[in-house]
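The values are calculated or read from the model by the stated rules, or taken from the named source; none is laboratory data. Being a predicted model, the structure only gives us computed values, none of them experimental. For neighbour counting, all protein chains shown are included, and Cβ atoms are generated from backbone atoms with ideal geometry for every residue, glycine included. Heavy atoms of the whole protein, side chains included, go into the accessibility calculation; ligands, DNA and RNA do not. Shrake-Rupley method; radii C 1.70, N 1.55, O 1.52, S 1.80 Å.
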Amino acid sequence: MRLHLATLLLIPVLFGCWKKNGAKLEDPEKLAKVTAQLTYAPEVPAPLNRGPSRVTVNLETKEVIKRLADGVDYTFWTFGGSVPGPFIRIRVGDYVDFTLSNHPNSKMPHNIDLHAVTGQGGGAEGSFTAPGHSSTFSFRALNSGLYIYHCATAPVGMHIANGMYGLILVEPEEGLPKVDREFYVVQSEFYTKGKYGERGLQPFDMEKAIAENPDYVVFNGSVGAVANGNSMEAKVGEKVRIFVGNGGPNLVSSFHVIGEIFDHVYGEGGAVVSQKNVQTTLVPAGGSAIVDFVVDNPSTLILVDHSIFRAFNKGALGMLKVPGEVNKMIYTGKTVDSVYLAEGGAIQTMPDEKAAPAFAAKDFSERLKAGEAAYKANCAACHQPNGEGIASVFPPLAKSDFLMANKNRTIDIVIKGLEGEITVNGQKYNSVMPSLGLSDETIANALTYVRNSWGNKGDEVTPEQVKARRGK
Ligand SMILES: [Cu+2]
């Protein structure tokens with residue numbers, strides 16, 4: 001019996017094709033030679049449809065100044081001159097000869113740790129390369145899956161924070177199920193000396209990076225890299241696959257596509273579909289996920305990190321445009337009165353003010369005093385206790401030229417709310433202030449206070465004046 005087992009175990013060794021995790025360790029000298037086609041996000045190389053091969057991958061590290069957001073530049077450290085680096089597609093059993101070249105103009109040495117590699121540092125040790133040099137190492141793709149690669153040169157966090165990561169897909173033996181379109185999206189953060197949107201060439205901020213408090217959270221390396229004019233596109237009825245990566249360096253992504261449901265998720269970028277009908281999937285820092293879904297109806301699907309301030313205030317927002325014929329059996333589009341506009345995008349009415357104890361200010365100074373309380377209770381959360389607002393989100397009321405220019409307009413804003421672009425003290429705002437459902441008395445008090453605080457000088461606003469504006 002023992003002898004039998006031993007003989008059986010010997011067979012694969014004799015045939016020279018020992019199987020490890022499904023990968024045959026075929027002699028590299030005997031494999032067909034190919035050079036990997038690399039693509040830049042959001043493009044993905046075509047499915048391979050080939051047997052295990054000996055694959056050449058050439059990648060260059062480069063330090064480049066590029067756009068991070070409108071008016072904001074950054075010195076990115078990159079693979080291939082872009083963030084994320086190029087998409088690499090190989091298959092299980094491939095024997096890869098990997099050459100990393102570091103551009104002569106680089107100031108830093110770089111290397112690469114591919115999570116698809118079984119070996120010291122995922123290749124980091126074999127690929128450590130000074131500026132103006134090249135390094136080559138070889139590895140066998142043992143496990144199928146979607147893997148992050150990144151620079152692992154000290155200080156590792158800084159090399160990653162500056163943009164050094166990308167994805168490598170190791171196809172399983174039989175390839176992935178066929179889809180109509182594949183896209184490449186990588187989330188990551190940037191830590192700059194200046195705040196979000198502060199103009200100019202922004203240096204890296206180590207303290208913010210250590211505190212894990214990024215100014216930018218983006219898809220594909222910059223704000224708007226896959227939105228508006230750069231959006232991804234698919235046609236109605238098509239099956240779409242997104243290879244999602246998270247370069248980090250710190251944050252975990254709650255990856256979500258607004259207006260879609262993932263039919264399948266290969267959780268953590270592994271080899272099997274781990275869940276169906278998923279709304280939001282976690283993509284760990286230094287990890288990935290594969291999601292696919294049929295785009296059943298035309299719309300602009302919005303990719304977000306559903307840690308939602310990152311999406312609307314730090315840049316983690318992308319778009320997949322799906323033109324085509326509306327299928328009303330799935331979704332009708334708007335059929336209701338404009339008061340009921342869709343979530344988030346329009347003026348919403350807050351519940352009516354609770355019946356407050358009857359109080360009427362008798363004179364200007366009483367109104368001012370009551371106004372301070374009304375302001376703190378109803379306005380300060382957004383416009384801030386000192387009236388200075390929050391840059392690019394809530395306009396200032398302190399010394400606001402917009403506020404003081406037109407009394408009736410200001411009363412109308414507090415009665416009805418406000419949306420659309422306005423310019424306050426030369427700064428543009430395009431946001432939504434809800435209608436707060438306040439009484440005439442409360443509005444009069446709050447506005448009297450606002451118009452006579454923080455350097456503003458105006459006259460009293462009376463409940464009668466507010467009343468006269470209702471229904472206008
Ligand atoms: Cu590096």
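Looking across the range 376-398, the residues that are at pLDDT 90 or above, open to solvent by less than 60 Å² (accessible area, probe 1.4 Å) and over 30 Å from the mean Cα position of the chain (by Cα) come down to G387, L397, A398.
Of the residues making up the range 109-135, those that are in a loop (DSSP other than H, G, I, E, B) and either crowded, with 18+ Cβ neighbours inside 10 Å or of a type in the set (S, T, Y) (or both) are N111, I112, H115, A116, V117, T118, A124, F128. Taken over the range 148-162, the criterion of being in a strand (DSSP E or B) and of a type in the set (A, V, I, L, M) is satisfied by I148 alone.
Residue count for the range 227-252 under the criterion of being open to solvent by less than 10 Å² (accessible area, probe 1.4 Å), farther than 15 Å from E182 by Cα and not small (G, A, S): the result is 1. Among residues of the range 23-37 that are farther than 18 Å from I88 by Cα, those with a Cβ under 6 angstrom from a residue that is in a loop (DSSP other than H, G, I, E, B) and among the aromatic types (F, W, Y), sequence gap 6+ or separate chain, pair up as L25/W18. If you filter the range 138-162 down to residues that are within 16 Å of the ligand (Cβ to nearest atom) and of a type outside the set (A, V, I, L, M), you find that the one that is most open to solvent (accessible area, probe 1.4 Å) is P155. Checked against the criterion of being at pLDDT 95 or above, among the polar types (S, T, N, Q) and either away from the ligand (no atom under 16 Å from the Cβ) or touching a Lys or Arg at 6+ places or on another chain (Cβ under 7 Å) (or both), the candidates N111, N58 yield just one match: N58. Does any residue of the range 354-361 turn out to be at pLDDT 90 or above and open to solvent by less than 40 Å² (accessible area, probe 1.4 Å)? Looking for residues that are at pLDDT 90 or above and open to solvent by less than 40 Å² (accessible area, probe 1.4 Å), one finds none in the range 354-361, hence no.
Scan the range 253-274 for residues that are of a type outside the set (S, T, Y), within 28 Å of D113 (Cβ to Cβ) and open to solvent by 50 Å² or more (accessible area, probe 1.4 Å) and jot them down. Hits for the range 253-274 are E268, A271, V272, V273.
Taking the stated definitions as given, is G224 open to solvent by 30 Å² or more (accessible area, probe 1.4 Å), closer than 30 Å to K321 by Cβ and away from the ligand (no atom under 16 Å from the Cβ)? For G224, the condition - open to solvent by 30 Å² or more (accessible area, probe 1.4 Å), closer than 30 Å to K321 by Cβ and away from the ligand (no atom under 16 Å from the Cβ) - is not met. The condition (being on the phi < 0 side of the Ramachandran plot and assigned to a helix (DSSP H, G or I)) is satisfied by just one residue among N430, N445, N452: N445.
Going through (1) of a type outside the set (A, V, I, L, M); (2) on the phi < 0 side of the Ramachandran plot; (3) surrounded by 15 or more Cβ atoms within 10 Å (Cβ to Cβ) one by one, K369 falls short only on (3).
One line per residue, one yes/no per condition, for (1) touching a residue at least 40 places away in the same chain (Cβ under 8 Å); (2) within 24 Å of V185 (Cβ to Cβ):
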{"residue": "R54", "(1), (2)": "yes, no"}
{"residue": "V57", "(1), (2)": "yes, yes"}
{"residue": "V72", "(1), (2)": "yes, yes"}
{"residue": "Y95", "(1), (2)": "yes, no"}
{"residue": "T118", "(1), (2)": "no, no"}
{"residue": "G122", "(1), (2)": "no, yes"}
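Scanning the range 163-176 for residues that are in contact (Cβ under 8 Å) with a residue 12 or more places away in the chain, more than 16 Å from the ligand (Cβ to nearest atom) and part of a loop (DSSP other than H, G, I, E, B) yields P172, E173, G175, L176. Residues in the range 163-177 that are open to solvent by 30 Å² or more (accessible area, probe 1.4 Å) and among the hydrophobic types (A, V, I, L, M, F, W, C): L176 alone. Against the criterion of being part of a strand (DSSP E or B), within 30 Å of F293 (Cα to Cα) and within 16 Å of the ligand (Cβ to nearest atom), Y184 does not qualify.
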